[in-house]
Amino acid sequence: MTNNKTKYLIVATFFMAIILLQVLVPWLGYIPLGAVIVGAQPTIIQFTVALGAIILGGKWGAFLGGFWGVITLWQAWSTPGTIGSLMFQNPFTALVPRILIGAVVGWLFNRWLRQKKSGFRTIGLGALGALSALINTVGVVLFTVVGFTVMKTNFTGIPNHNLLGWLVGLVSFNSLFEIITGIILVSVIGNIILPIAQRAGIHG
């Protein structure tokens with residue numbers, strides 16, 4: 001049992017290191033499509049959390065999501081002055097969507113997909129990639145609306161009316177590319193690392 005827990009801890013630490021690198025080195029945390037498609041810069045850290053959850057299960061996935069959220073919260077408070085940092089100074093915005101990605105994706109995969117045939121599992125992995133992008137975007141938008149409304153935020157560039165519509169318009173274009181990216185990355189990388197994890201005795 002101790003040996004098995006050690007395996008999970010090592011793999012979780014590996015994913016934490018990747019997340020930390022993606023946060024600290026911007027071009028590792030997003031795909032810079034701006035040169036090809038103006039305004040498109042899909043974030044990919046949520047897919048690292050999703051893949052960790054798929055390999056390790058929902059509990060470890062929630063832990064990885066929380067780790068990303070804590071880093072985001074720290075960055076928001078240590079580098080204030082932008083709308084983005086203001087959004088993520090709310091701990092609910094920084095933490096809850098990311099924790100949910102790990103918990104939900106890990107649970108769904110291990111409950112419904114782990115024992116399926118490879119073709120069906122590939123489709124499911126792509127769907128989970130899309131879901132992780134949606135959970136992150138929808139969660140951040142909703143918690144931001146609630147936070148800005150409750151705190152009556154008055155910041156240059158933030159409208160006083162129809163805040164939800166403004167945020168949806170702000171993130172919807174980029175979110176489309178995040179969903180597409182999630183479908184591709186999670187299905188491809190998931191199919192590569194799942195057999196390796198299973199041979200190592202890690203089954204979620």
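The values are calculated or read from the model by the stated rules, or taken from the named source; none is laboratory data. Keep in mind that what you see is a predicted model, and the values were worked out from it rather than measured. Neighbour counts are summed over all protein chains in view; Cβ atoms, including those assigned to glycine, are modelled from backbone coordinates with ideal geometry. Only protein heavy atoms, including side chains, enter the accessible area calculation; ligands, DNA and RNA are left aside. Shrake-Rupley method; radii C 1.70, N 1.55, O 1.52, S 1.80 Å.
Numbers at a glance
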item: Qualifying residue in the range 134-154 (condition: farther than 17 Å from Thr93 by Cα, over 20 Å from the mean Cα position of the chain (by Cα) and modelled with pLDDT under 90); result: yes
item: Scan of the range 65-90 for residues that are buried (at least 21 other Cβ atoms within 10 Å of the Cβ) and either not aliphatic (A, V, I, L, M) or not in a helix (DSSP H, G or I) (or both), ordered by number; result: Gly65, Phe67, Trp68, Gly69, Thr72, Phe88, Asn90
item: Leu125 vs. criteria closer than 15 Å to Ala53 by Cβ and modelled with pLDDT of 95 or more; result: yes
item: The one condition in (1) in contact with a Lys or Arg (Cβ under 9 Å, 6 or more places away or on another chain); (2) under 15 Å from Ala12 (Cβ atoms); (3) in contact (Cβ under 8 Å) with a residue 40 or more places away in the chain that Gly65 fails to fulfil; result: (3)
item: Residue match in the range 183-195 (condition: modelled with pLDDT under 90, surrounded by 19 or more Cβ atoms within 10 Å (Cβ to Cβ) and assigned to a helix (DSSP H, G or I)); result: no
item: Restricting the range 91-127 to residues that are in contact (Cβ under 8 Å) with a residue 60 or more places away in the chain and open to solvent by 10 Å² or more (accessible area, probe 1.4 Å), the residue that is nearest to Pro159 (Cα to Cα); result: Ile123
item: Test: residue in the range 158-176 that is more than 18 Å from Arg114 (Cα to Cα), surrounded by 15 or more Cβ atoms within 10 Å (Cβ to Cβ) and not hydrophobic (A, V, I, L, M, F, W, C); result: yes
item: Flag if Gly52 is open to solvent by less than 60 Å² (accessible area, probe 1.4 Å), within 21 Å of Gln198 (Cβ to Cβ), in a helix (DSSP H, G or I) and of a type in the set (Gly, Ala, Ser); result: yes
item: Verdict on Phe148 being crowded, with 17+ Cβ neighbours inside 10 Å and either in a helix (DSSP H, G or I) or touching a residue at least 40 places away in the same chain (Cβ under 8 Å) (or both); result: yes
item: Residue match in the range 32-44 (condition: assigned to a helix (DSSP H, G or I), modelled with pLDDT of 90 or more, under 23 Å from Leu167 (Cα atoms) and not hydroxyl-bearing (Ser, Thr, Tyr)); result: no
